[in-house]
There are 2 protein chains.
Amino acid sequence: MGLETLFAPQRVAVVGATEREGSVGRAVVENLLATFDGETVPVNPNAESVLGRETVPDLASAGDVDLAVVVVPPSVAIDVVEQAGEVGVENVVVITAGFGETGSEGASRERELRDVAEAYDLNLVGPNSLGVIATGVGMNATFGPDMALDGSISFMSQSGAFVTAVLDWANDRGIGFRDVVSLGNKAVLDERDFVRAWGDDPETDVILGYLEGVEEGRAFVDAAREVTDDTPIVLVKSGRTEAGAHAAASHTGTIAGSEAAYEAGLEQAGVLRAENVQELFDSAEALAGQPLPEGDGVAVVTNAGGPGVMATDAVGDAGLSLASFTQETLDGLAEELPETANRYNPVDVIGDADVERFAAAIDTVLGDPNVDACCIVSCPVAVLTFEDLAEVVVEKQAEHGKPVAVCFMGGDSARDAMGTVNEAGIPAYFDPARAIRSLDALREYRDVSQRTYDPPAEYDDVDREAAREILVDAADRGETRLGVEAMDLLSEYGIPTPEGSVVDTPEDAEEVAESIGGDVVMKIVSPDILHKSDIGGVRVGVPDEEVAATYDDLVQRARTYQPDAHILGVQVQEQLDLDEGVETIVGVNRDPQFGPLVLFGLGGIFVEVLEDTTVRVAPLSEREASEMIDDVQAAPLLRGARGRDPVDESAVVDTIGRLSQLATDFPAILELDVNPLVATDDGAAAVDVRLTIDPDEL
Amino acid sequence: MGLETLFAPQRVAVVGATEREGSVGRAVVENLLATFDGETVPVNPNAESVLGRETVPDLASAGDVDLAVVVVPPSVAIDVVEQAGEVGVENVVVITAGFGETGSEGASRERELRDVAEAYDLNLVGPNSLGVIATGVGMNATFGPDMALDGSISFMSQSGAFVTAVLDWANDRGIGFRDVVSLGNKAVLDERDFVRAWGDDPETDVILGYLEGVEEGRAFVDAAREVTDDTPIVLVKSGRTEAGAHAAASHTGTIAGSEAAYEAGLEQAGVLRAENVQELFDSAEALAGQPLPEGDGVAVVTNAGGPGVMATDAVGDAGLSLASFTQETLDGLAEELPETANRYNPVDVIGDADVERFAAAIDTVLGDPNVDACCIVSCPVAVLTFEDLAEVVVEKQAEHGKPVAVCFMGGDSARDAMGTVNEAGIPAYFDPARAIRSLDALREYRDVSQRTYDPPAEYDDVDREAAREILVDAADRGETRLGVEAMDLLSEYGIPTPEGSVVDTPEDAEEVAESIGGDVVMKIVSPDILHKSDIGGVRVGVPDEEVAATYDDLVQRARTYQPDAHILGVQVQEQLDLDEGVETIVGVNRDPQFGPLVLFGLGGIFVEVLEDTTVRVAPLSEREASEMIDDVQAAPLLRGARGRDPVDESAVVDTIGRLSQLATDFPAILELDVNPLVATDDGAAAVDVRLTIDPDEL
């Protein structure tokens, strides 16, 4: 069911309404009576009226209600929610605490609450929520002290206290909201539902969130990426650091996915991630108020050289560039500005510029086709008031329709002027770096909104049944960790492996070696011996005549090393010319929140010493697989650095895509490392593999 | 001459004082009359009085004057400064513009000004300065609109407009200053002089600066490092990015040193570098108001879980750690807090905490020996006012003497409370991340202040004269770019090189090869052939019997490749076992501002593809050379990663130190690359070298 009536109810019942001073039930009713355009219905069987409104004894007696706000004790709350379902209330906000956040008894109560809500298909916010605000209908259904101002930012928060903090601060700054939701324990509705609802809401320009975890990672990614085409999402996802993750877990009981998974997943979803509260709202203000820049060229117009340089440094730090002006612009500026001014970008109109000169320069640069955005920087000077300049900025921004950010470098003297431009949706700060960053948020979102989302790559030449059989066979043998004997699994998914097979007699070894031709590689195969090289269990460059003896020697070594090891045999493998190729690694592991993650990097020191790897949430589109190669610092080594032939990147991308599909097809695959995947100028081949499976998932 | 009388004058003359409305001369006199504790003497030969003060016609008639502020036109300014010198004025602030910032005529005028000032040993600020403020004597000798509040921050700025901006903003925020200097064109006094003066001033707690360039890099590093033992220096050095550097150069005409040089030099000097204005003042507030933490353990005390997690994330981002409480603290918190609270760090006193509960928790954690600093986070709640909490914070901070930062997460409701803690020197912000960063600035400066500065390493076994002869000989031959023939230069500075020498007959080649024994490496030696390998001019593993033929072949190839090349001969060199070693690179180049810079990295892909290198300003102490190895990401490869023997790091450090000394001893060395320097488990040897010299510097 959609959430339209949650955010635009006509009648709201407060179950647990009371006049008791300091109570949550009183606060909610007071807030609704003070703000709500619709009708507030207090529900209380023990009082005739609450704050002058006649009560009803229960929801059944309340008539048509679009939203029930529940503030009764936890022991009663489930019955109330059940009644809401019975009488056809669509939306419930459970403010009551004492559920999952309080231990095992609360957790079981929360499961019960979820079951009831699902049975009646209720839109349930909470429990343990501060409540919900919807400025469209003037509804403050929270027990917090502040109502939000009108605006186009919709905001959800996993911390109710943070909602009160943000409202207090935002009201002071003049920042308004569309809808505000305190998510509480997310027993039913979670971030995904609100992202979808606000993505469909034409009045929401920006979606903001403070989250400590995401309930279902992959599903959230899919939902968010559809929304981010049209509506920017900016999130603070806390618990980024080890210390923070630990604190978040003890705060909400969330089992957090790994930070790497969040980073990858949110990026794949096109979600902009803010590191802190300031970044969150700076981005939101710009996105809510300004158009997106067409290109990356920024003009800086300043009346002071130093701050102009600071702004320019910030342009260099950002994904933006300093625009090169056309000759027409330069000629225009030459006419408008005195000789000592600088008409090249950053334009310095110099300290004696009055508002007319400043306006002329702003107008000229905004008219330049190479200018996609403009940052206006002013220090306090005697010949100009910030307030006059503010009016010019608002006018010129509206005229040219390009994004603008402002830097009024003053204290008290700049306050009103900042208010003026803020009202027109233009961000204003003291610090030039902050103004430029707000333009960079627009650039970042433009890139996201222009991305085309390809579906995950699907390879239809894979043999899923054969692959399953290999996994089932291993599970039947009681094996959960496999080595080279899992190479066939790769083959079934179309991943090239060196010619060869596992044999269990010296004679078979000779036969396989002969059919391969040339020197071969031989490896002991045993689920009990994971580090084959350490016991001399791998031989390279074995000539024909030594194959049989090498077989015996490998088996002998394995027996000596670990007498009770289960030896499956010896793998005899075509010897690839590794000098011709580059060793890479493709790995898969499973995140509790996001499911299978795919890792890519170059082998050896690049993974082990430099940790130069990148991760994506599977399944992957071909574009995403290809971007993984761009991501690693060592990528030039695959692309012909140091005089080598470039490798066949498409073969690497193909392997990444096929492994992503394999991991997605089989939840039983807990970990899978292809190491090395040797990439050459005419392909890529998996030389070794390690696999861990969970038989229960087969 | 010291700058004491510049910042504490008794009589100040304003040369060019006038009553003309809107003039700089009037503004300076007005500012002085409004604020200055001492006597203001207007100098004007054409007026009897200015703003009610009797004028004198010139400095000679002004009696004892400690400081002359010059606002006359540029054509007259030099004469005025000369007169100041003649009559014994020690300090001059030249506000007059029209010098180096305006082109070649101005530049020559500025040189004249400098000569005059130096002839009289004048402390001259400017020209093109906004002026100087010294709150200790209530002196506002600027033409800006604002006087500074009293405080302990001394501030210099290469942008006068930025001074006006900062004062306007700081007055609004209640931030005070000790001295403020607009540096102007830095014709005489520059950042180094003020850093020294403020380092000696007991009333200056923090030195802040906005710089677009440093005049003499190495000298500034030496001056600053002495100061940073006792007084923190925080700088915004703009022109960090390519775009910014270009803008700075056109703004001030500064020839900027490379960003890498600034980064290294400022770090070596112990200067804290702020990336933007917000960071600059956030750091300053903390450093001016709070004690330094003894260790890195931070306690977070919050009344809201979510913001507590945000603060904890910020701890993880910083160089701080979350303190582990003692059992005593945990027991104490258990007594003070309700059961649902979290007594582990971050401590959550939960939303219904009144000021007494909050105070008890703060008191307990500040008393914990594992807690070195504390961040207090509060959301708006009904049971607590920010103002009450502010008083508790001020009291507890003073009682325990540990650094504290505060997060009052509200808007208008938090303003007074922030003012209260600010007055006690405690930083307060909305954003938890900002509060934690201010504590991190204290940690960063503590590390700097505890560093011991070793003198540059000096190797007295070097043969400087022999090295000079090698350079002079090359210059005499007209050669400015040298290859392996410069290996001897390294030897004279005690850097091990493979055995061998350059020969010019096949017979000599055989003789040298024989004396070396075993296979040798042979390389063509010609100043005209820089890329020897490209023409097959390098042979490795040459056995005895092939030495003569190889000699001929190498010479033949060189002649074919470049018929007019000047061929010095062939180098015959001991063949090191490179498989046993790790290839590193040590390079030197010369920065216009900082002089010789030393670069270190691992060879091959690490330098070429990964750009994994580090730079220091020479000369280096042994500690600094050793830290260069720590700096590179690939350092584990020198330390036994992937099963290799660790190399002899001391031999690498030794080579870095000796090259640093070589580059410092000979300004003629423009570039010097030892590539590779092969490090093994029992030493390091320079295998190849490239050198560029400037004969004029010999």
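The values are calculated or read from the model by the stated rules, or taken from the named source; none is laboratory data. Here the structure is a predicted model, which is why all the values come from computation and not from measurement. We place every Cβ from the backbone using ideal geometry, glycine too, and count neighbours over all the protein chains shown. Accessible surface areas use protein heavy atoms only, side chains included; no ligands, DNA or RNA. Shrake-Rupley method; radii C 1.70, N 1.55, O 1.52, S 1.80 Å.
Worth pointing out:
- Qualifying residue in region B:60-74 (condition: surrounded by fewer than 21 Cβ atoms within 10 Å (Cβ to Cβ), within 14 Å of chain A (Cβ to nearest Cβ) and in a helix (DSSP H, G or I)): yes
- Any chance A:VAL609 is among the β-branched types (Val, Ile, Thr), surrounded by fewer than 22 Cβ atoms within 10 Å (Cβ to Cβ) and either under 19 Å from A:ALA684 (Cβ atoms) or in contact with a helix residue (DSSP H, G or I) (Cβ under 6 Å, 6 or more places away or on another chain) (or both): yes
- Among residues of region A:597-612 that are more than 7 Å from every other protein chain (Cβ to nearest Cβ) and small (Gly, Ala, Ser), those with a Cβ under 6 angstrom from a residue that is buried (at least 20 other Cβ atoms within 10 Å of the Cβ) and part of a loop (DSSP other than H, G, I, E, B), sequence gap 6+ or separate chain, pair up as A:GLY601/A:VAL632.
- Single residue of region B:491-507 satisfying the filter (closer than 14 Å to B:GLU574 by Cα and in a loop (DSSP other than H, G, I, E, B)) that is least open to solvent (accessible area, probe 1.4 Å): B:PRO498
- Top-ranked residue in region B:541-598 [being part of a strand (DSSP E or B) and among the polar types (S, T, N, Q); ranked as surrounded by the fewest Cβ atoms within 10 Å (Cβ to Cβ)]: B:ASN589
- Taking helices (runs of 4 or more DSSP H) as the structural unit, those lying wholly within region B:333-437 and holding at least 1 residues that are in contact with a helix residue (DSSP H, G or I) (Cβ under 6 Å, 6 or more places away or on another chain) and within 25 Å of A:GLY239 (Cα to Cα) correspond to B:355-366.
- Taken over region B:135-155, the criterion of being surrounded by fewer than 24 Cβ atoms within 10 Å (Cβ to Cβ), more than 15 Å from B:VAL166 (Cα to Cα) and among the aliphatic types (A, V, I, L, M) is satisfied by B:VAL137 alone.
- Any hit, region B:233-249, residues being part of a loop (DSSP other than H, G, I, E, B), within 14 Å of chain A (Cβ to nearest Cβ) and farther than 30 Å from B:GLY98 by Cβ: yes
- There is at least one residue in region B:36-58 that is open to solvent by 50 Å² or more (accessible area, probe 1.4 Å) and within 27 Å of B:PHE155 (Cα to Cα).
- Filter pass, B:GLY16 being modelled with pLDDT of 95 or more, on the phi > 0 side of the Ramachandran plot and loosely packed, with under 15 Cβ neighbours inside 10 Å: no
- Against the list (1) touching a residue at least 60 places away in the same chain (Cβ under 8 Å); (2) open to solvent by 20 Å² or more (accessible area, probe 1.4 Å), the condition A:LEU659 fails is (2).
- Within region A:677-698, being farther than 17 Å from A:LEU489 by Cα, assigned to a strand (DSSP E or B) and open to solvent by 20 Å² or more (accessible area, probe 1.4 Å) holds for one residue alone: A:THR680.
- Condition met for B:ASP654 (surrounded by fewer than 19 Cβ atoms within 10 Å (Cβ to Cβ) and more than 18 Å from B:VAL484 (Cα to Cα)): no
- Which numbered condition B:ARG443 fails, given (1) assigned to a loop (DSSP other than H, G, I, E, B); (2) under 21 Å from B:ALA311 (Cβ atoms): (1)
- Residue count for region B:308-328, restricted to those that are of a type outside the set (A, V, I, L, M) and either within 23 Å of B:VAL355 (Cβ to Cβ) or at the interface with chain A (Cβ under 7 Å from one of its Cβ atoms) (or both): 6
- Members of region A:75-90 that are open to solvent by 50 Å² or more (accessible area, probe 1.4 Å) and touching a Lys or Arg at 6+ places or on another chain (Cβ under 9 Å): A:SER75
- Checking A:ALA466, A:ALA475 one by one, the residue that is modelled with pLDDT of 90 or more and touching a Pro at 6+ places or on another chain (Cβ under 7 Å) is A:ALA475 and no other.
- Taking (1) open to solvent by 60 Å² or more (accessible area, probe 1.4 Å); (2) in a helix (DSSP H, G or I); (3) touching a residue at least 60 places away in the same chain (Cβ under 8 Å) in turn, B:ALA486 satisfies each apart from (1).
- Among residues of region B:401-448, those that are within 14 Å of chain A (Cβ to nearest Cβ), of a type in the set (Gly, Ala, Ser) and under 25 Å from the mean Cα position of the chain (by Cα), counted: 3
- Checking A:GLU479 against (1) assigned to a loop (DSSP other than H, G, I, E, B); (2) of a type in the set (D, E, K, R); (3) open to solvent by 70 Å² or more (accessible area, probe 1.4 Å), the condition it does not meet: (3)
- Every test in (1) touching a residue at least 12 places away in the same chain (Cβ under 8 Å); (2) open to solvent by 10 Å² or more (accessible area, probe 1.4 Å); (3) assigned to a helix (DSSP H, G or I); (4) of a type outside the set (S, T, N, Q) is passed by A:ALA311 save one, and that test is (2).
- Residue check for B:ALA334: surrounded by 19 or more Cβ atoms within 10 Å (Cβ to Cβ) and either at negative phi or acidic (Asp, Glu) (or both): no
- Residue that is nearest to the chain's Cα centre (by Cα), among those in region A:492-536 that are among the β-branched types (Val, Ile, Thr) and over 29 Å from A:VAL462 (Cα atoms): A:ILE529
- Candidate set from region B:613-629 (those that are out of contact with any Asp or Glu (no Cβ under 6 Å at 6 or more places or on another chain), more than 14 Å from chain A (Cβ to nearest Cβ) and open to solvent by 20 Å² or more (accessible area, probe 1.4 Å)); member that is farthest from B:THR680 (Cα to Cα): B:PRO619
The rows are residues; the columns are (1) more than 15 Å from the chain's Cα centre (by Cα); (2) within 14 Å of chain A (Cβ to nearest Cβ).
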site: B:GLN158; (1), (2): yes, yes
site: B:PHE162; (1), (2): yes, yes
site: B:GLY174; (1), (2): yes, yes
site: B:LYS186; (1), (2): yes, yes
site: B:GLU212; (1), (2): no, yes
site: B:GLY217; (1), (2): no, no
site: B:GLU226; (1), (2): no, no
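- Residue match in region B:508-521 (condition: assigned to a strand (DSSP E or B), among the small types (Gly, Ala, Ser), open to solvent by 20 Å² or more (accessible area, probe 1.4 Å) and closer than 15 Å to B:GLN573 by Cβ): no
- Of the residues making up region A:146-156, not one is within 13 Å of A:LEU211 (Cβ to Cβ) and facing chain B (nearest Cβ under 10 Å).
- Residue match in region A:291-307 (condition: open to solvent by less than 30 Å² (accessible area, probe 1.4 Å) and more than 14 Å from chain B (Cβ to nearest Cβ)): yes
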